[in-house]
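Novice: The structure's right below; bear with me while I get my questions together.
The values are calculated or read from the model by the stated rules, or taken from the named source; none is laboratory data. Note that the coordinates shown come from a computational prediction; the quantities given were computed from them, not determined experimentally. Neighbour counts are summed over all protein chains in view; Cβ atoms, including those assigned to glycine, are modelled from backbone coordinates with ideal geometry.
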Amino acid sequence: MQEAAQKQHSLTLENRASLAISGITDIDRFDEKEIVLYTQLGELTITGRELHIRSISIEQGELIVDGDIWGLLYGDKDKLSPIGFIGRLFR
C-alpha cells in the first residue's frame with residue numbers, strides 16, 4: 001500500500017500550450033521538438049514545436065513546459081530510471 005502512495009504522477013495540459021507535470025524523477029534529453037523524461041510511472045516523451053522548459057525541480061518532481069505541444073507518449077511502465085549509454089548500445 002505504501003508503494004502506491006509513492007507513485008504520484010499527474011499531467012495538466014492547458015490549450016496545448018502549457019504542460020505541468022508532477023512525479024518527475026529525471027530528464028533524459030530535450031530540444032525544441034522533443035523532451036524525454038522519466039516519471040515515477042515510467043518514461044514519457046513530449047513532442048511538439050518550440051518546446052521550452054519554463055521551470056523544473058527534480059527535487060520536487062515538477063516540470064512546466066511551454067510551446068506547441070503535439071503529443072504525449074508513455075513508454076515501458078517498468079522502465080522507471082534511465083538506461084545508461086552502454087545499455088542503449090545493447091538494446
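Novice: If a residue counts only when it is modelled with pLDDT of 90 or more and small (Gly, Ala, Ser), which strands (runs of 3 or more DSSP E) contained entirely in the chain have at least 1 such residues?
Specialist: Those strands (runs of 3 or more DSSP E) span 10-14, 18-22, 42-57, 62-74.
Novice: Still on this structure, please answer the following. Answer yes or no as to whether Glu14 is free of Cβ contacts under 8 Å to residues at least 40 places away in the same chain, loosely packed, with under 14 Cβ neighbours inside 10 Å and over 10 Å from the mean Cα position of the chain (by Cα). Write out each step before concluding.
Specialist: Values: free of Cβ contacts under 8 Å to residues at least 40 places away in the same chain: yes; loosely packed, with under 14 Cβ neighbours inside 10 Å: yes; over 10 Å from the mean Cα position of the chain (by Cα): yes.
Yes, satisfied.
Novice: Scan the range 17-29 for residues that are buried (at least 17 other Cβ atoms within 10 Å of the Cβ) and over 10 Å from the mean Cα position of the chain (by Cα) and jot them down.
Specialist: Within the range 17-29, Leu19 is the sole residue that qualifies.
Novice: While we're here: For the range 30-50: of the residues being over 14 Å from Asp76 (Cβ atoms) and charged (D, E, K, R), which is nearest to the chain's Cα centre (by Cα)?
Specialist: Going through the qualifying residues, I end up with Glu34.
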